[in-house]
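Structure first, then comments.
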Amino acid sequence: MVRVLLAAIIAMIISILLGPRFIAFMRRNEFGQQIREEGPEHHVAKQGTPVMGGLLIMFAASIAFLALSRYTLPALTVFGVALACAGIGFIDDFIKVTHRRSLGLSGRWKLLLLGFITVGIGFAVHDEHLKTSVYIPVLNVRPNLWWFWYVLIFLVVAGAANGVNLTDGIDGLAAGTGIIALVSFTAINVLTYIRTGSGDPRSLDLAILGGALVGASIGFLWFNAFPAEVFMGDTGSMGIGGALGAFAVFSKVEVLLLVVGGIFLIAALSVILQVFSFKFLGKRVFLMAPIQHHFEMKAWSETKIMVRFWIVAAILGAAAFGIYYQYYLDFRP
């Protein structure tokens, strides 16, 4: 487990040490956040805050992971998915900062690119001979989805990437909840490695990658906590979200992602519910969506929202680990 801890520590140190230079570079080149007009009024003060902090997370995590990895296919695939999703987010952020607008890459293009990423995952899944069945805890059933499982991969990765993205918008929120979710997957793979008598290098490698992403995100959070000096942007939120989705696929805990990433699911559902209600009923369920902005409109401070969302995410992460320990260990392929 030393490798996992080292990956986290190395990534965190790199992120903290490079953070000031990265922020200064972004300020010099005026790569600042563009605030959407329909957002909370007090967010106007955040206009121009350096964005694309996800680059710092991905760089620090990459150095730590590549230095300590055993280069198994599952970990390399999850790593590739994280970078690819971060790349999609980077294109989105770059369009925003260069065109000085709050709208970036269209949703259709994002979904298309995520589809290509899913194809890449499919090849890796085929080489690893992962089963196309999905284990449902409590019910103790494992239905075989056949070809629909590959559609499920797309839904898992795209849903996680967009879910984390929707949870962004408040200083420290996406970074903190993302760290907690990554810790959950890291702990799950550490437990699997221990349970198999140190005979599963794939689980150890996934844990090393998880540790690297956790450490890099903690280092980023040092600068992202309220009041934020830098935002992760879509680069960071989609990178972390894509990694979470891929972790779920290669850890064979697709259903458990609903619990691990429950806070991101809540944010996504709040948007869906708001759009559906306004379009068909002419009423808004929330003062503003995603749900974190609803609480902002109710005069909650950003710090209060952030901490309470962290608490909920931690409870969900602990619950997910407990479910995994109770049900999944004896049902892994």
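The values are calculated or read from the model by the stated rules, or taken from the named source; none is laboratory data. For clarity, every value in this text was computed on a predicted model and none was experimentally measured. When we count neighbours, we look across all protein chains shown, and the Cβ atoms used for this are built from the backbone with ideal geometry, even at glycine. Surface areas here come from the heavy atoms of the whole protein model, side chains and all, with no ligands, DNA or RNA. Shrake-Rupley method; radii C 1.70, N 1.55, O 1.52, S 1.80 Å.
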Exercise for review: Would you check if there is a residue in the stretch 249-260 being closer than 18 Å to Gly172 by Cα, under 17 Å from the mean Cα position of the chain (by Cα), surrounded by fewer than 19 Cβ atoms within 10 Å (Cβ to Cβ) and touching a residue at least 40 places away in the same chain (Cβ under 8 Å)?
Suggested key: no
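Test Lys110 against the stated conditions and say whether it is under 27 Å from Ser15 (Cβ atoms) and either charged (D, E, K, R) or in contact (Cβ under 8 Å) with a residue 24 or more places away in the chain (or both).
Values: under 27 Å from Ser15 (Cβ atoms): yes; either charged (D, E, K, R) or in contact (Cβ under 8 Å) with a residue 24 or more places away in the chain (or both): yes.
Yes, satisfied.
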Revision key, fill the gap. Counting only residues that are in contact with a Phe, Trp or Tyr (Cβ under 9 Å, 6 or more places away or on another chain) and either touching a residue at least 24 places away in the same chain (Cβ under 8 Å) or assigned to a helix (DSSP H, G or I) (or both), the stretch 296-308 contains a total of 7
Practice item. All but one of (1) out of contact with any Leu (no Cβ under 8 Å at 6 or more places or on another chain); (2) farther than 30 Å from Lys96 by Cα hold for Leu114, so report the exception by its number. Key: (2)
Practice item. Could you pull out the residue among Leu105, Leu73 that is within 23 Å of Leu204 (Cβ to Cβ) and among the aliphatic types (A, V, I, L, M)? Key: Leu73
**Study point:** Odd one out for Ala320, checked against (1) open to solvent by 10 Å² or more (accessible area, probe 1.4 Å); (2) of a type in the set (Gly, Ala, Ser); (3) more than 23 Å from Gly87 (Cα to Cα); (4) touching a residue at least 40 places away in the same chain (Cβ under 8 Å)
**Key:** (1)
Exercise for review: Being at pLDDT below 90 and open to solvent by 40 Å² or more (accessible area, probe 1.4 Å) is the filter; apply it to the stretch 124-140 and report the residue that is nearest to Lys252 (Cα to Cα).
Suggested key: Lys131
**Study point:** Filter result for Ile315 (in a helix (DSSP H, G or I), of a type in the set (A, V, I, L, M, F, W, C) and out of contact with any helix residue (DSSP H, G or I) (no Cβ under 8 Å at 6 or more places or on another chain))
**Key:** yes
Check your understanding: Does Ala299 satisfy the condition of being of a type in the set (A, V, I, L, M, F, W, C) and in contact with a helix residue (DSSP H, G or I) (Cβ under 8 Å, 6 or more places away or on another chain)?
Key -> no
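Please find, among Ile179, Ile117, Ile170, the residue that is part of a loop (DSSP other than H, G, I, E, B) and closer than 20 Å to Gly233 by Cβ. Show your work before the answer.
On the way: Ile179 fails: part of a loop (DSSP other than H, G, I, E, B); Ile117 fails: part of a loop (DSSP other than H, G, I, E, B).
None of the others qualify; the one that does is Ile170.
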Review point. What do you reckon, is Asn165 open to solvent by 10 Å² or more (accessible area, probe 1.4 Å), at negative phi and either modelled with pLDDT under 95 or not aromatic (Phe, Trp, Tyr) (or both)?
Key: yes
Review point. Which one is modelled with the lowest pLDDT, of the residues in the stretch 23-53 that are open to solvent by 10 Å² or more (accessible area, probe 1.4 Å), touching a strand residue (DSSP E or B) at 6+ places or on another chain (Cβ under 8 Å) and closer than 14 Å to Asn224 by Cα?
Key: Gln33
Exercise for review: Please find, within the stretch 276-294, the residue that is surrounded by the fewest Cβ atoms within 10 Å (Cβ to Cβ) out of those that are assigned to a helix (DSSP H, G or I) and in contact (Cβ under 8 Å) with a residue 12 or more places away in the chain.
Suggested key: His294
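Within the stretch 46-65, which residues are assigned to a helix (DSSP H, G or I) and either β-branched (Val, Ile, Thr) or closer than 12 Å to Gly211 by Cα (or both)? Walk me through how you get there before you give the answer.
Our first condition is that a residue be assigned to a helix (DSSP H, G or I); within the stretch 46-65, this holds for 46, 54-65.
Listed by number, the residues that qualify are Ile57, Ala60, Ala61, Ser62, Ile63, Ala64, Phe65.
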Exercise for review: Could you tell me which of the residues Leu265, Leu244, Leu273 is within 14 Å of the chain's Cα centre (by Cα) and open to solvent by 20 Å² or more (accessible area, probe 1.4 Å)?
Suggested key: Leu265
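Any chance the stretch 187-200 includes a residue that's within 30 Å of Val97 (Cβ to Cβ) and open to solvent by less than 10 Å² (accessible area, probe 1.4 Å)? Spell out how you get there, then give the answer.
First, pick out the residues of the stretch 187-200 that are within 30 Å of Val97 (Cβ to Cβ): none.
No: zero hits.
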Check your understanding: For the stretch 195-236, how many residues are in contact (Cβ under 8 Å) with a residue 60 or more places away in the chain and assigned to a helix (DSSP H, G or I)?
Key -> 27
